[in-house]
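A quick write-up on the structure given underneath.
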Ligand SMILES: [Zn+2]
């Protein structure tokens, strides 16, 4: 009988912090549109004699991450040098926290699609610095040091994950949890979130982990999941064929959907870690941890609870709306205008999310701002337009700069509430459709509403969707009787 295998996965996530300045110097950290090597100074270029100085905001942000991920913050921690030569590392070493990280022993409770919940431990988080960027162009390589010494947090999970699905859901939860703290953009596209996966397989029921392979170059959460599945299959095949797994680093090749060997894995010893002599130990007092607890932004969980109680939204709505903090903010802004949480929630969950999906935009990029949507919903609430016209208005607003109220006026979308005008159309429809009227009279109670709906539909069509549906229905019902 074939052997049963179990996979063991641990993830290392790097987060770039939005602190405004770099971790050891005052260089501007907002370098995305800057010319190469302009956001640099002797400290982040590693000039001899230049001394690093820890950015206070980095510590504050790091504590926020620790609290959000249920970690224990250490009162005393220290920095170490990880020595290696690479052209984009100007000092020839990276300052990190190896021996004594600033926090450890955290966890995240991850809900899977099946409804099953798993607890994923967080071994530790360390404060460290980013490297510069090498750009390879044929025979030449260019180096940009703007990213050198950008503040990073490395979040190391326990090897608690057993499948690609678990890894995928853990990453999603980690991302949205951190996003709520406001310390990082956590965007894989922008490079402010990066992930490496440690993967091994062992015989089912075994207590001893197999030798692990580290997979890098993972550009999306989906790529992480695919790389894990590929790697599990590859390792099982190697072992089944009598081979052994080497401890090595592999690169994910997304075009061909395979991992390829990059280098045999270094052991910690290879980096010759030693305490960073240019920095003092990092002391975080309990009062400081308490102070930061007091200024932590509302967590996802707290927001979800508030949405179901304060706005009386169903659990489903609250879950969808709080999935991303920006969407939750957008919704709350809309409610400020409409004072109608449920109607606002319906609009955000259907029209807004559909448009974003179709256009590939984020909520912040949406051409329909919260104020615009608020106005559209208020036009419905004031009976100026019908819901149907409102949807049309929403689509127009996606590409139209004009104010929704102006569009309604200028495009003649205002709802007809004039009784006489509507009655004239109702009479016209009844006169032109004698068969339907006859059908209505001869139908039983079960069929009557369907025929009525058909007649009302004719009226709405003739009025180009502008007749007030309530008035149309009332008139039509009384006339048929
Ligand atoms: Zn600098």
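A few notes on this one:
- For the chain, the share of DSSP beta bridges that are antiparallel, to the nearest 5, is 95%.
- When each of the peptides 11-18, 314-321, 437-444 is scored by the mean number of other C-beta atoms lying within 10 Å of its residues, the order from highest to lowest reads 11-18, 314-321, 437-444.
- Residue 306-residue 424 pseudo-label distance in nm [points 7 Å out on the Cα-to-Cβ vector]: 5.2
- Separation between Cα centres of the range 385-446 and the range 313-336, rounded to whole Å: 31
- Of 41, 103, the sequence from fewest to most neighbouring Cβ atoms within 10 angstrom is 41, 103.
- Three-way shape call for the range 188-274 based on the alpha-carbon gyration tensor, with the a/c threshold at 1.5: oblate
- In terms of its Cα atoms, the range 87-177 spans 51, 34, 20 Å along the principal axes, sorted from long to short.
- Inter-centroid distance (Cα atoms) of the range 201-280 relative to the range 130-186, Å: 17
- The protection proxy used here, the mean number of other Cβ atoms lying within 10 Å of each residue, ranks peptides 343-355, 147-159, 245-257, 56-68 as follows, highest first: 147-159, 56-68, 343-355, 245-257.
- The convex hull defined by the C-alpha atoms of the chain has an orientation-averaged projected area of 33.3 nm².
- Per the Debye calculation on the range 100-246 with a single equal scatterer at every Cα and no solvent contribution, log₁₀ I(q)/I(0) for q = 0.13, 0.16, 0.20 Å⁻¹ amounts to -0.73, -1.03, -1.37.
- With bins 10 Å wide beginning at 0, the percent of Cα pairs of the range 298-410 falling in each bin runs 14, 48, 30, 7, 0.
- Helix 387-397 axis, angle to the chain major axis (alpha carbon atoms, nearest 10°): 50
- Each peptide in 282-294, 446-458, 189-201 gets a packing score, the mean of other Cβ atoms within 10 Å over its residues, and the list from highest to lowest is 189-201, 446-458, 282-294.
- Stretch gain in nm, segment residue 237-residue 47, where the contour uses 0.36 nm per residue and the Cα spacing is subtracted: 63.5 nm
- The ranking of 393, 430 from fewest to most other beta carbons within 10 Å of each one's beta carbon is 430, 393.
- Shape of the range 1-40, Cα gyration tensor, a/c cut at 1.5: prolate
We did not get these values from a lab; they are worked out from the coordinates using the rules stated. The structure presented is a predicted model; accordingly, all values stated were derived computationally and were not measured. Virtual Cβ from ideal backbone geometry, glycine too; neighbours counted across all protein chains shown.
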